[in-house]
Amino acid sequence: MNQLFICAGLALSISACGGSDKSRLPTQTSSSSLVSSSTSSAQSSSTGLVKPADLSPAAMSVVSVEELEGWLKNGLRLSATRGFVGNWIGGIEFAAPPGIDFSPAPIPSSAYSGTNVQVAGVDEADFVKYDGSHLFYAVPPLYTNNGSEQKIRIVRTDAEQAQLHPRSDIYISTEAWSQRPELYLVTNSEAKAQGLATLRRATSFIDFSQMDSLWHYPIGEPGVEVRVYDVSNPAQPGDAWELTLDGDLLGSRKIDNILYLITGHYPLLPEIRPFSYSEAIQAQNEDHINAASLQRLLPHYRVGDGEEQLLIDPNTCLLPQDHSANQGHQQLVSLVAIDLESRTLVDSLCVSTPVHGLYVSPSAIYLGASGDGHFSESGIHTLIHKFALADGRFAYQATGAVKGHLGWDNPAFRMDEYQGDLRLVTTSHPGPIHRLSILRPNTTTKLMEIVAQIPNNQNPAPIGKPNEEIYAVRFDGTRAFVVTFERIDPLYTLDLSSHSAPKVTGELEIPGFSTYLHPIDQNLLFAVGQAGDFNNDLKLSLFDISDMSQPKEINVVNFDGTGAWSSAQYDHRAISFLRVDENTLRITLPVTVYNGYFHGDFADSGLYQLEVRNIGSKAAVLTNLSHISNQSGEAGLGERGILHGNSVFYVRGDKVSAHSWPSN
């Protein structure tokens, strides 16, 4: 079969199911019980103007099965006339990458480093995991003339001697699952791995062997695979428990041993022929849509080789309260909770709304979307939906809206929860005008109300100067830091100690800009960015933030004239931190260096080792100690450094090596 694989990074257009406190997982439902019950309403919609649903600030509510079916079939009608129906902004559908939450957690005190996550207590998937005694890492797929090979390696570490001892390999199927898996650990009360969860997406493809016209091509259904292996004996991993779900994987988080997934499912009717001007084919398309049962349009899941079951309960799905019968959307995005310890699917929830950003705290999931739609006369707004989390159960809480958009690059980077309120930074154009808003859910109206915004009449100081865009945001308790950039890099400090009266307190102008900010303590801030010079060299900075009204740059580690870059500029998981004592913080990140950006060739790449020394004193400094060179090519987007005591374990590709921390 000739297949063209398509990376399906879809912006979230969420559909999940909500309802009572009891589990919303449907009982086994036969197709006959979900035969189309809204044919008449669907047909009446087709005779009028069917349009994409607007971005609506209304609260969400559970709809009937008939309303849900009409909504999805209108989405199919839109896709039949306009092609793929993804996220909508102002009535225009488009596809965009899922948002990645980017507000880092404080640096924990531990004997070893783990995945650098955005929020303390909320784990993120990565291809490397470590529990202090064993390193688990997914090897990139190996492609040969005989097919592809995929495996996960388990290696015992000796942090005292900086040594590694291979334990076992887990070989996993590559059929339809071509992606390098990402991992989560299932831990006991002592944080030791008892299970290893793998997470993979199936890649969508166009099947050219079944293609009979330029615009009529069957697309392979994407899927999500979760496997859990027993690794209580790392030398002999147990057989996997496997769960597969319909839809594309849009995001995941783990809290304790509960895995939370967000998946997007597009009902596919291969018999539909889109973009046709033939009245006969259009009539056939309408007949196919009307004949389709709701069961066929909903996502399913399967445990192992068991029977296929509905993933969501169609009686409890959420739509905006002000939706109308002639609106529709094709995608259903499900929020799914899986107990990795008991290996059970605990809950699922569906709500239909576009989403361009995902933020997860230990007690809530926030979904954000930016566009005009309902706000067409007043410009782009950002919509926020809040869902409470408790023991693997979802509960819809409220919806709110603020002016401006979340940005198109890592939008969840701009959101943060503090004491039950959501703080977020949005941008409006022309200008741009940057705003910080604080929202609080009203449990009665189910609306998120604006508690405060800046700038305002009492605190008119702007965030950013004319023409400056936002490059980084970092929330830290009662403080926040924002980096804007046009030709210089202003670092703004914000005081959020009063929920009702936030304010800009300080500003620092320096060359270049930062893309990642990470507080070390109340006095120090570490930053990764670019110098803003001709070569756009990598720049690592240490700031003094002890006086929020006068932030200062203490020192910089530069890579002048080398065109150096690091995946840490775009992926916070590439950075590792280890606080070895009250005065010293160790940092690793991968770096590639060239002999000049435009005129030079590759020079070197490897894992750079840095320290922040004299923490707690006025002599604090960022020091570049050394780097572990690989001399075999550019550093990719998949390198990690694991710190444990005085040892460094460097994972690159299919290899892992052990090194001692430099003593200088």
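Brief remarks on what is shown
- Positions within the stretch 403-416 being surrounded by 16 or more Cβ atoms within 10 Å (Cβ to Cβ) and assigned to a loop (DSSP other than H, G, I, E, B), in sequence order: Gly404, Leu406, Gly407, Asn410
- Filter pass, Ala461 being at pLDDT below 95 and touching a helix residue (DSSP H, G or I) at 6+ places or on another chain (Cβ under 8 Å): no
- Cross-chain or 6+ apart pairs with Cβ under 8 Å, the stretch 336-355 first and free of Cβ contacts under 8 Å to residues at least 24 places away in the same chain, then in a strand (DSSP E or B): Thr344/Ile338
- Residue pairs meeting the criteria (Cβ under 6 Å; at least 6 apart or on separate chains; first among the basic types (Lys, Arg), in the stretch 184-200; second assigned to a strand (DSSP E or B)): Arg200/Glu225
Conditions (1) more than 29 Å from Pro662 (Cα to Cα); (2) under 28 Å from the mean Cα position of the chain (by Cα); (3) not in a strand (DSSP E or B), marked per residue:
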site	(1), (2), (3)
Gly132	no, yes, yes
Phe136	no, yes, no
Ser148	yes, yes, no
Ile152	yes, yes, no
Thr157	no, no, no
Ser168	yes, no, no
Tyr171	yes, yes, no
Thr174	yes, yes, yes
Leu183	yes, yes, no
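- In the stretch 294-337, the residues that are under 23 Å from Leu358 (Cβ atoms) and touching a helix residue (DSSP H, G or I) at 6+ places or on another chain (Cβ under 8 Å): Leu298, Cys317, Leu319, His323, His329, Gln330, Gln331, Leu332
- Residue selected from the stretch 472-497 under the condition modelled with pLDDT under 95, part of a loop (DSSP other than H, G, I, E, B) and of a type outside the set (Asp, Glu), by the criterion farthest from the chain's Cα centre (by Cα): Arg487
- Number of the condition not met by Glu553 [criteria: (1) open to solvent by 50 Å² or more (accessible area, probe 1.4 Å); (2) part of a loop (DSSP other than H, G, I, E, B)]: (2)
- Hey, Leu517 modelled with pLDDT of 90 or more, open to solvent by less than 30 Å² (accessible area, probe 1.4 Å) and farther than 30 Å from Phe387 by Cα or not: no
- Residues that are β-branched (Val, Ile, Thr) and open to solvent by 10 Å² or more (accessible area, probe 1.4 Å), drawn from the stretch 565-624: Val580, Thr584, Val593, Val621, Thr623
- The stretch 417-471, subset open to solvent by less than 80 Å² (accessible area, probe 1.4 Å) and among the acidic types (Asp, Glu), residue farthest from the chain's Cα centre (by Cα): Glu468
- Some residue of the stretch 561-574 being of a type in the set (S, T, N, Q) and either at pLDDT 95 or above or in a strand (DSSP E or B) (or both): no
- Any hit, the stretch 316-335, residues being part of a helix (DSSP H, G or I), at pLDDT below 95 and polar (S, T, N, Q): yes
- Of all residues making up the stretch 284-315, the number that are in a helix (DSSP H, G or I), closer than 21 Å to Pro222 by Cβ and among the aliphatic types (A, V, I, L, M): 2
- Restricting attention to the stretch 243-256, the residues being polar (S, T, N, Q) and open to solvent by less than 20 Å² (accessible area, probe 1.4 Å) number 1.
- Subset of the stretch 97-113 (residues that are at pLDDT 95 or above and either under 12 Å from Ala412 (Cβ atoms) or open to solvent by 20 Å² or more (accessible area, probe 1.4 Å) (or both)): Tyr112
- Scanning the stretch 522-549 for residues that are surrounded by fewer than 20 Cβ atoms within 10 Å (Cβ to Cβ) and under 14 Å from Phe481 (Cβ atoms) yields Gln522, Asn523, Asp544, Ser546, Asp547, Met548, Ser549.
- Every condition in (1) surrounded by fewer than 16 Cβ atoms within 10 Å (Cβ to Cβ); (2) modelled with pLDDT of 95 or more; (3) under 30 Å from Ile258 (Cα atoms) is met by Ala390 except one, and the failing one is (2).
- Flag if Glu271 is part of a loop (DSSP other than H, G, I, E, B) and either in contact with a Gly (Cβ under 8 Å, 6 or more places away or on another chain) or farther than 28 Å from Leu78 by Cα (or both): no
- Annotation: Thr382 fulfils all but one of (1) at pLDDT 90 or above; (2) β-branched (Val, Ile, Thr); (3) under 24 Å from Pro222 (Cα atoms); the unmet one is (3).
- Hey, Val117 within 22 Å of the chain's Cα centre (by Cα) and either at pLDDT 55 or above or crowded, with 20+ Cβ neighbours inside 10 Å (or both) or not: yes
- Flag for Leu589 being out of contact with any helix residue (DSSP H, G or I) (no Cβ under 7 Å at 6 or more places or on another chain), part of a strand (DSSP E or B) and at pLDDT 90 or above: no
- Flag for Gly357 being more than 14 Å from Leu72 (Cβ to Cβ), in contact with a Ser or Thr (Cβ under 9 Å, 6 or more places away or on another chain) and not hydrophobic (A, V, I, L, M, F, W, C): yes
- Pairs linking a residue in the stretch 253-265 that is within 14 Å of Phe387 (Cβ to Cβ) to a residue that is among the polar types (S, T, N, Q) and open to solvent by less than 20 Å² (accessible area, probe 1.4 Å), with Cβ atoms under 6 Å and 6 or more positions apart or on different chains, are Leu261/Ser252.
- Whichever residue in the stretch 40-65 is of a type in the set (A, V, I, L, M, F, W, C) and more than 15 Å from Pro354 (Cα to Cα) and, among such residues, is modelled with the lowest pLDDT: Ala42
- Taken over the stretch 498-515, residues that are out of contact with any Phe, Trp or Tyr (no Cβ under 8 Å at 6 or more places or on another chain) and assigned to a strand (DSSP E or B) amount to 5.
The values are calculated or read from the model by the stated rules, or taken from the named source; none is laboratory data. Bear in mind that the values here come from a model prediction, so they are computed numbers and not experimental data. Ideal geometry is used to build each Cβ from the backbone, glycine not excepted, and the neighbour counts take in all protein chains shown. To get the accessible areas, we keep the full protein, side chains included, count just its heavy atoms, and leave off ligands, DNA and RNA. Shrake-Rupley method; radii C 1.70, N 1.55, O 1.52, S 1.80 Å.
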